[in-house]
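The values are calculated or read from the model by the stated rules, or taken from the named source; none is laboratory data. Remember, it's a predicted structure, so these values are computed and weren't measured experimentally. Quick reminder, even Gly has a Cβ in these numbers, built from the backbone with ideal geometry, and neighbours come from all protein chains shown.
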Amino acid sequence: MEALLRARIAFVFLVTATLVIGACAQQAKPGTSGSPAASLAGGEKPTPGGTLTFVVNAEPPSFDGHRETTFALLHPIAPHYSLLYKFDPNDLTKVIPDVADGNPTVSADKMTVTIKLRQDVKFHDGTQMTSEDVKATYDKIITPNTAAGQSSPRAGAYAVVSAVNAPDKFTIEFKLKYPSASFLTNLASPWNFIYSAAKLKADPRWYEKNIMGTGPFTYVSNTKGQDWVGKKNPDYFGKDKDGTKLPYLDGYKALIITDATAGVNAIRSKQAMIEFRGFTPQQRDDLSRALPNDLAIQEAPWICVNYVVPNTKVKPFDDVRVRQALSLAIDRYAGGEALSKTTIVKDVGGLMRPKGPFAMSDADLAKIRGFGKDAAAAKAEAKKLLADAGVPNLSFKFLNRNITTPYEPVAVFLIDQWKQVGITATHDVKETSPYQADLRAGNFQVALDFNCDFLDEPDLQLAKFWSASKAGKGLNFAYYDDDKLDGMIDAQSRQTDPAQRVKLVGDIERYAMDEKAYQYPVLWWYRIIPYLKIVRGWQIGSNHYTNQDLTTVWLAKS
Amino acid sequence: MTERATALESEAEALARRRYFESTPRKRFVRFWREFITRRPLGAFGLVLVLAMILAALLADRIAPYDPTAISFKDLLAPPSPEHLLGTDNFGRDVFSRLLFGARTALLVGFTASIVGCTLGLILGIVGAYFGGRVDQIIQRLMDVLLSFPLIVIAIAVVAALGTGEDKIANVIAAITVPIIPRVSRVVRSSALSVVQMPYIEATRAVGARAMRIMFRHIAPNVFAPYLIMMTAFLGQAILLEASLSFLGLGVFEPTPSWGLMLRGAGMQFLERAPWLAIAPGVAISLAVFGFNLFGDSLRDALDPRLRTA
């Protein structure tokens, strides 16, 4: 019986590990110059001390990681918190325990996941972290107390969880509704900060305006619009391979610089050492010229993509021919090649990251309308579809947000492509808040949306494809309801065989992007991080969310 | 004074009067501009710049060698060449064509904002001067409030309240119009105050003319000179303000050609690699403002009898 159990546990881990490692192995493949990877791989011994200064080009809307979805929260605030599991900063292809004490145990029926917790983890106020804190954390994420004003945009990613239990002081247990291929890796979500149960009990929204975690850095100060400062947590539980206490840094200072050019200049003038989101190729080249001997660069594909989202509740976008025409008009390959020289978009792909573990082959992708390589034929077909739909001279307002990179160049590219088939799109640019308000109210015709995730995982990338009135509420801005598509997404989520899952995901892409043309990607992003060489111990990943707790980052002496 | 001198003076006066009455408005108009061009070369140069800008805007469709919004992937960031006189931007769009079409945005915003702003300022200035008392107090305190903020601050506040967008150019115009009003109102009021004291205004009142007729039939023509001068001066400022708002991301949006937008977007981002992207719209804005200012200053001198040369 025990052997059987072990075999089953081994199976689930094998599935998960295959997915995670497969995903990350292909997602990372960073291009590097300078020596950050080398410093991780070995050779150099980390030097403790110093303050890391980095740029964050947006202000966190609140301090609550469970509530927000922006990197602007993670970059300055993640160093204050721990997670249950996290991606290994020394090898982003692996998931390692953070406050968990080892790997999870999965029951024979794959419906119960049990995790032992470390007993040496303390909150910054000195109280010990226990399973009650982890339970309160996951309860808040999975079943937020909406009556008390809590919200959790990632609750859907944990729809598989039926209950979170704390059987003893240092054990946490997740009861699942069905075996899930993605649940274990979702426990390494960078948003799932471990919060204090006592603080949440006293005020369910306490973490929106306060900081108190178990992470490697304690909170020092925050000046709105200026900076965020943290200092080393002397009681942090983490140690490196040699037994040296982490973190290496004495502290960090995040400079809030919203203007992209000013952000580049901060690094050029060495007022800041790094910016973790990404720069354009032009900005990278400018910095390379200005700091030829002081700069290192890491690059990697990025799990971020812009979507064209026609509002299916508004005429004529309720007509599938019009939606297909909008996609057919876009010459993605020419656009990707050209725009990659000046901004952060590059690869053509479907709903899953190109060349990622779930991506469809180039040949299959080319069969989808708008993703073929014969641009002239596609444009001719687009014109025919528009004429058939009775809107040969279609015009509409194209909703976009006022963030230059890459929203503006992508929109300019799309407007030009549409113009070539007789469509007049008026660029309707708004600040992020009114832009999101319009998206949520359905107050638009066609919008440029985006999706960024921390992992190549269909459950995450397909989250916005669920029916708008069901699981896709607040994410699906195309506003369709489609039971068939819901069934397909649900089926892939329950499929634990990787090859089968890839096939099911391909079927979803064909159905959602081609047959129904509900919403479709433009170009996938490409991440470029130029930074001062003295920053060591940080490795680029295929997202700008994970690996931000700064535990292993250190500063070389010169 | 001798008899002969007196006779000569009355003869000259009679000649001048006859010439004036013999001349048609058209002749007077031609004479004014001929004198303006010959006696005020700087103003004439400003006028040439202004006319060149207006012609560029009007004939942009015919002059521009390329569609200003058409992307050309093979020409990304191409330097100036015979094919692209002022080079291309990061989308391969012809900078010269965008500059010509950008003049339309600048002039549309500049002319509309300065005409509407100056006219509203004229009305408020005349109304305040004519009625005086509480009406004047209220108008002038309101103008004081608006004057206490710099031009750009009010413009940003207005555009932030009304919203921006490619189809909301009227909001940008309104944002530029609002700060112009108090400045014109103040100048017009001071001129109108002296006109209001004139005997003929008293006479008009005495014969029972209504306030509206007195203000806009008898006072307005007498304060038209400062109004016209302020309008030309604010045209340049309005163009600069539109460029500033676009530069700050509060004006029109891509892919609409606009000088401020050209300066802000690719102009800043590719300053080192492609300096022509910033130089072309920068020079255009400078020349436009310079032209309107030169022209406005000279027009003021030409219209002001105290500064008029013999």
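At a glance:
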quantity: Residue count for segment A:75-120, restricted to those that are part of a strand (DSSP E or B) and within 24 Å of A:PRO61 (Cβ to Cβ); calculated: 1
quantity: Tally, over segment B:53-85, of residues that are among the basic types (Lys, Arg) and not in a helix (DSSP H, G or I); calculated: 0
quantity: Residue that is nearest to the other protein chains (Cβ to nearest Cβ) [pool: residues in segment B:102-122 that are buried (at least 21 other Cβ atoms within 10 Å of the Cβ) and hydrophobic (A, V, I, L, M, F, W, C)]; calculated: B:VAL109
quantity: Odd one out for A:TYR407 among (1) in contact (Cβ under 8 Å) with a residue 12 or more places away in the chain; (2) more than 16 Å from A:ILE330 (Cβ to Cβ); (3) within 13 Å of chain B (Cβ to nearest Cβ); calculated: (2)
quantity: Which listed residue, of A:PHE398, A:PHE477, is surrounded by 20 or more Cβ atoms within 10 Å (Cβ to Cβ) and within 14 Å of another protein chain (Cβ to nearest Cβ); calculated: A:PHE398
quantity: Unique residue being of a type in the set (Val, Ile, Thr) and under 15 Å from A:THR171 (Cα atoms) when the list is A:THR137, A:THR146, A:THR127; calculated: A:THR137
quantity: So A:LEU73, is it farther than 24 Å from A:TYR178 by Cα and either touching a Lys or Arg at 6+ places or on another chain (Cβ under 8 Å) or outside the structural domain of A:ASN547 (by TED's automatic domain parsing) (or both); calculated: no
quantity: Residues located in segment A:209-228, provided they are out of contact with any Pro (no Cβ under 9 Å at 6 or more places or on another chain) and of a type in the set (A, V, I, L, M, F, W, C); calculated: A:ILE211, A:MET212, A:VAL220
quantity: Of all residues making up segment A:251-271, the number that are out of contact with any Leu (no Cβ under 9 Å at 6 or more places or on another chain) and among the charged types (D, E, K, R); calculated: 1
quantity: The one condition in (1) under 30 Å from B:LEU49 (Cα atoms); (2) outside any helix (DSSP H, G or I); (3) at pLDDT 80 or above that B:GLY208 fails to fulfil; calculated: (1)
quantity: Index of the failed condition, A:VAL429 passing every other in (1) within 14 Å of chain B (Cβ to nearest Cβ); (2) in a helix (DSSP H, G or I); (3) more than 30 Å from A:ALA380 (Cβ to Cβ); (4) in contact with an Asp or Glu (Cβ under 9 Å, 6 or more places away or on another chain); calculated: (2)
quantity: Options A:ALA389, A:ALA411; residue that is under 29 Å from the mean Cα position of the chain (by Cα) and small (Gly, Ala, Ser); calculated: A:ALA411
quantity: So A:ASP481, is it among the acidic types (Asp, Glu), farther than 24 Å from A:VAL522 by Cβ, part of a helix (DSSP H, G or I) and assigned by TED's automatic domain parsing to the domain that holds A:PRO354; calculated: no
quantity: Qualifying residues in segment B:253-285 (those that are more than 14 Å from chain A (Cβ to nearest Cβ) and of a type in the set (Gly, Ala, Ser)) - the one farthest from B:GLY110 (Cα to Cα); calculated: B:ALA280
quantity: Members of segment A:306-325 found to be in contact with a Lys or Arg (Cβ under 8 Å, 6 or more places away or on another chain) and hydrophobic (A, V, I, L, M, F, W, C), listed by number; calculated: A:PHE317, A:VAL320, A:ALA325
quantity: One residue from A:ALA411, A:ALA425, A:ALA478 being small (Gly, Ala, Ser), touching a His at 6+ places or on another chain (Cβ under 8 Å) and at pLDDT 90 or above; calculated: A:ALA411
quantity: Residue that is farthest from A:ASN186 (Cα to Cα) [pool: residues in segment A:421-448 that are surrounded by fewer than 22 Cβ atoms within 10 Å (Cβ to Cβ) and of a type in the set (D, E, K, R)]; calculated: A:LYS430
quantity: Contacts under 8 angstrom Cβ, first residue in segment B:61-85 being within 14 Å of chain A (Cβ to nearest Cβ) and within 18 Å of B:ILE279 (Cα to Cα), partner surrounded by fewer than 18 Cβ atoms within 10 Å (Cβ to Cβ) and among the charged types (D, E, K, R), 6 or more apart; calculated: B:LEU76/A:LYS341; B:LEU77/B:ARG273
quantity: Members of segment A:235-266 found to be within 26 Å of B:GLN269 (Cβ to Cβ), touching a strand residue (DSSP E or B) at 6+ places or on another chain (Cβ under 7 Å) and aliphatic (A, V, I, L, M), listed by number; calculated: A:ALA254, A:LEU255, A:ILE256, A:ILE257, A:ALA266
quantity: Helices (runs of 4 or more DSSP H) contained in segment B:238-310 and holding at least 3 residues at pLDDT 80 or above, surrounded by fewer than 16 Cβ atoms within 10 Å (Cβ to Cβ) and not charged (D, E, K, R); calculated: B:276-303
quantity: Matching option when the condition is β-branched (Val, Ile, Thr), under 25 Å from A:LEU455 (Cα atoms) and either at pLDDT 95 or above or in the same structural domain as A:ALA254 (by TED's automatic domain parsing) (or both), among A:THR171, A:THR112, A:THR146, A:THR130; calculated: A:THR112
quantity: Given (1) surrounded by 21 or more Cβ atoms within 10 Å (Cβ to Cβ); (2) part of a helix (DSSP H, G or I), index of the condition B:ASN90 fails; calculated: (2)
